[in-house]
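Here is the structure we will look at, set down as C-alpha cells.
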Amino acid sequence: MALARIRCSWLIISMATTLTLLASVARGTDVFFEWNISITMDIRPINDSLQIIAINGMFPGPLINATTDDMVHVNIFNNLDEPLLMTWNGIQQRLNSWQDGVSGTNCPIQPGKNWTYVFQMKDQIGSFFYSLSTNFQKSAGGFGPIRINNRDVIKVPFPKPDGEFDLLIGDWSYLNYTEIRDNLGNKSVFQYLTAPILMNGKANYDYTQDNSYGYELFNVTRANMKLKDILIYLESSLLVGKTYRFRISNVGSALSFNFRIRSHEMVLVETEGSYTNQITLDSLDVHVGQSYSVLVTADKPEDDYCFIASPTQSKSSTFGLGVLHYTNSHTPAVPIVPDGPDPMDRNFSIMQAKSIRWNMTAGAARPNPQGTFNVTNVTLSQTFILYGLTAEIDGVHRYTVNNVSYRTPKTPLKLADYLVNGSGVYQLDTFPVRSINPVSVDGTSVVTGIHKGWIELVFRNILSEMDSWHLDGFGFFVVGFGDGVWTPASRASYNLFDPVVRSTVQVYPKGWTAVYAYLDNPGMWNLRSQRLENWYLGQEIYIRVYDSDNNTAKERPPPDNLLFCGIFAPLAPQPVPHPVPRPAPHPAPQGVPETVRLPMFSP
C-alpha cells in the first residue's frame with residue numbers, strides 16, 4: 001500500500017512538473033520520427049561483405065530537419081544483437097541531460113526493445129549530426145544529419161540559398177566493425193582505414209569504372225539569365241550562378257580531411273550553431289566530429305567538377321571523390337583532383353583555424369547579436385588541463401586523460417547522481433584535472449563543474465596523431481592554439497575578442513588548444529575525444545554541473561519512460577522514487593591559481 005502511494009505521488013508530481021515546464025518554455029513544433037536500427041548487407045559502399053548499421057534501411061540515416069525550439073521525438077527500435085545508445089552531436093539538451101544518449105546519462109536500449117528520445121532544439125541553429133555512441137558502432141554507420149533552421153523572425157546573415165545539401169564524410173575500413181573493435185589495443189585504428197573515404201555512404205567516383213557501388217553527385221544549376229544578363233555575360237564573360245549551402249560533417253573515426261571543389265570557391269558561414277565571419281576559401285579542414293556550412297555558387301561553365309576529401313595532418317593515402325554536376329552538362333567528369341595544401345602543412349591548418357571568427361553582429365537563435373555574449377572580460381572560476389595519453393593498464397592498451405582511463409559503470413552516472421548521490425557508482429573529484437596521475441589507472445572520472453562559472457579547458461595532445469575534443473551540453477569559445485607546453489603565460493596569445501563558439505575542436509599533435517565555456521546548463525555532461533579509438537579505449541570524463549536549487553525550471557526531472565539498469569535494474573519498469581537530497585559540489589575555488597604542475601616527462 002505504501003509503495004502504491006509513492007508511485008501515485010511520483011506520477012502526480014511528474015505530471016504537474018511536465019505541465020509547468022510546457023507552460024514556461026518556448027515551444028515550436030513537435031517533430032516525430034520512428035527509426036528501426038538494424039544490420040544490413042544490402043548497402044554496399046565498397047564491397048559485398050560488410051555489415052552496415054542502417055536506420056530505416058538508409059545509410060546515412062534520415063535527416064532531422066527542425067527549427068529553433070522545436071520538440072523532437074525519436075522512437076528508436078533496436079534490431080541489433082547488442083545494446084545501443086544514440087547521441088546528438090552538438091545539441092545542447094538545455095536543462096535535460098537525461099536525453100543526451102551517452103553511457104553516463106542513459107541506460108542502453110536493449111536488443112529487441114525500443115525507447116523514445118524527446119528533446120528540444122532550445123535556442124540553437126545550425127548544422128550537426130547524430131550517431132551511435134557505444135560499442136564502436138559509429139564506425140559501421142548509424143549516423144545522420146541534423147539541421148536546425150532559424151525561426152522566420154530571425155534574420156540569417158546571408159541570402160537564402162537556392163538549395164541545400166548535407167554531406168557526411170568519414171574514413172572507412174574493409175573490415176567489419178566488430179573485428180576492428182575486438183582487436184583495438186593490438187592494432188591502431190589507423191591500420192584498418194585503407195578503404196576510400198566515404199561521402200554520404202558512397203565510395204569514389206571513377207570515370208574508368210562502372211561505379212557499381214555508387215558515388216556522391218550533387219546537381220546544381222546556373223541561374224536562368226534574362227536578356228540583360230546575357231548581354232552582361234557576352235560583354236564581360238561573367239557567369240551568373242545559383243548558390244547552394246553545403247552542410248559538411250566529419251563523421252569518421254580518426255582522419256581529419258581537407259575538402260575542396262575543383263574551380264570553385266567556398267564562403268564559410270556557419271559552424272556547429274555559430275554564424276562566422278564570412279571568409280572565402282579554396283579548401284576547408286574538417287576534423288573528426290566537426291560540422292561546417294559553406295556557400296558554393298554554380299557560376300562556372302556547365303560541366304562536371306570533382307570534389308575531394310583528402311586527409312590532412314596525416315600521411316594516409318586514402319581519399320574520397322564525388323561530382324558536382326551542372327544540369328546542362330553532358331560530359332562525364334574527368335577525375336582531376338583539385339589542388340590543395342600539403343597534407344602535412346600544419347601552419348596552413350592552424351592559420352585557417354585561427355581565421356574562423358565569430359560574427360559578432362549576426363543574430364542566431366535569438367534576435368540579439370551573438371556578440372552580446374562574449375569573453376572579453378570574464379573571470380575564470382576553474383581551469384582544467386587535460387593531457388591525452390596512452391598507457392598499458394593490466395596488460396591492455398588504453399587511452400587516458402591525465403593518466404586515468406575511463407571505465408564505464410553499469411549504472412549511468414546521471415541516474416546514480418539523482419537517486420543515491422552517486423554512491424556505489426562513482427566518487428566525485430577523485431582524479432586530477434590539472435596534473436597527470438603518477439600511475440596509469442582505470443577509473444570513473446567525474447569532476448565538479450561550477451554552476452554559472454567560467455571554465456577554461458586546455459587540451460594537451462602528447463601523441464603523434466590529430467585529436468579532437470567535444471563537450472556535450474555546451475558550446476565553447478575557441479580562444480587559442482599553440483605548440484608544446486601550455487603555461488599561464490600562454491593566455492597572452494588568446495583571442496578574446498571574437499573567438500568562434502562551437503562544440504568540437506581539434507588538438508594538433510604535440511600541441512594544445514584552449515577553450516572557455518560558461519557552465520549555465522545543469523546536468524551530467526560528457527567531455528570526450530571524438531577520435532573513436534581514443535573514446536572507446538578511455539579518453540573521456542564527465543563534468544557534473546550541479547545547481548542546489550531543485551526548481552524544475554532549472555533542470556528537468558527524469559522522463560516518464562526512464563530506463564533502469566545497473567544497481568537500479570530491480571526498479572524497472574516502476575516509476576522513479578523521490579530522490580534523496582543531493583549534496584552541493586566541493587567548495588568552489590575563488591579565482592584560478594597561476595601555478596600548474598607539469599608532467600614528469602618531456603612532451
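Some notes on this structure:
- Of Tyr117, Tyr130, all but one fail to be of a type in the set (Phe, Trp, Tyr), under 30 Å from Glu270 (Cα atoms) and without any contact (Cβ under 8 Å) to a residue 60 or more places away in the chain; the exception is Tyr117.
- Selection within the range 148-189 - touching a residue at least 40 places away in the same chain (Cβ under 8 Å) and acidic (Asp, Glu): Asp162, Glu164, Asp166, Asp171
- Residue within the range 126-149 that is touching a helix residue (DSSP H, G or I) at 6+ places or on another chain (Cβ under 7 Å), at pLDDT 95 or above, outside the structural domain of Arg528 (by the TED database) and of a type in the set (D, E, K, R) present: yes
- Enumeration of residues in the range 399-423 that are over 30 Å from Val479 (Cβ atoms) and part of a strand (DSSP E or B): none
- Single residue of Ile76, Ile148 found to be within 26 Å of Arg245 (Cα to Cα) and assigned to a strand (DSSP E or B): Ile148
- Of all residues in the range 158-203 being polar (S, T, N, Q) and assigned to a loop (DSSP other than H, G, I, E, B), the one that is farthest from Phe218 (Cα to Cα): Asn186
- Residue pairs whose Cβ atoms lie under 7 Å apart, separated by 6 or more positions or on different chains, with the first residue in the range 100-113 and within 19 Å of Gly538 (Cβ to Cβ) and in contact (Cβ under 8 Å) with a residue 60 or more places away in the chain and the second open to solvent by 30 Å² or more (accessible area, probe 1.4 Å) and charged (D, E, K, R), do not occur.
- Just so you know, in the range 209-244 the residues that are among the polar types (S, T, N, Q) and at pLDDT 55 or above include one that is surrounded by the most Cβ atoms within 10 Å (Cβ to Cβ), and it is Thr243.
- Residues located in the range 293-320, provided they are buried (at least 19 other Cβ atoms within 10 Å of the Cβ) and hydrophobic (A, V, I, L, M, F, W, C): Val294, Leu295, Val296, Ala298, Cys306, Phe307, Ile308, Ala309
Quick grid of which residues meet (1) among the aromatic types (Phe, Trp, Tyr); (2) surrounded by fewer than 15 Cβ atoms within 10 Å (Cβ to Cβ); (3) on the phi > 0 side of the Ramachandran plot:
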residue	(1), (2), (3)
Thr383	no, no, no
Leu389	no, no, no
Glu392	no, yes, no
Gly395	no, yes, yes
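- Residues located in the range 505-539, provided they are farther than 18 Å from Val447 by Cβ and among the charged types (D, E, K, R): Lys510, Arg531, Glu533
- Enumerated strands (runs of 3 or more DSSP E) restricted to the range 439-524, each holding at least 2 residues that are buried (at least 19 other Cβ atoms within 10 Å of the Cβ) and either among the charged types (D, E, K, R) or in the same structural domain as Glu540 (by the TED database) (or both): 446-450, 454-461, 467-471, 476-483, 504-507, 511-518
- Top-ranked residue in the range 245-285 [being charged (D, E, K, R) and assigned to a strand (DSSP E or B); ranked as farthest from the chain's Cα centre (by Cα)]: Arg260
- Restricted to the range 511-552, and to residues there that are touching a Ser or Thr at 6+ places or on another chain (Cβ under 6 Å) and of a type in the set (Gly, Ala, Ser), the residue that is farthest from Leu95 (Cα to Cα) is Gly538.
- Residues within the range 69-85 that are in contact with a strand residue (DSSP E or B) (Cβ under 6 Å, 6 or more places away or on another chain) and either within 17 Å of Val31 (Cα to Cα) or open to solvent by 10 Å² or more (accessible area, probe 1.4 Å) (or both), tallied: 9
- Some residue of the range 516-537 being modelled with pLDDT of 95 or more, in contact with a Leu (Cβ under 7 Å, 6 or more places away or on another chain) and farther than 23 Å from Pro412 by Cα: yes
The values are calculated or read from the model by the stated rules, or taken from the named source; none is laboratory data. If you're wondering where the values come from, they're calculated on a predicted model, not measured in any experiment. Cβ coordinates were reconstructed from backbone atoms using ideal geometry, including for glycine residues, and neighbour counts include every protein chain displayed. With ligands, DNA and RNA removed, areas are computed over all heavy atoms of the protein, side chains included. Shrake-Rupley method; radii C 1.70, N 1.55, O 1.52, S 1.80 Å.
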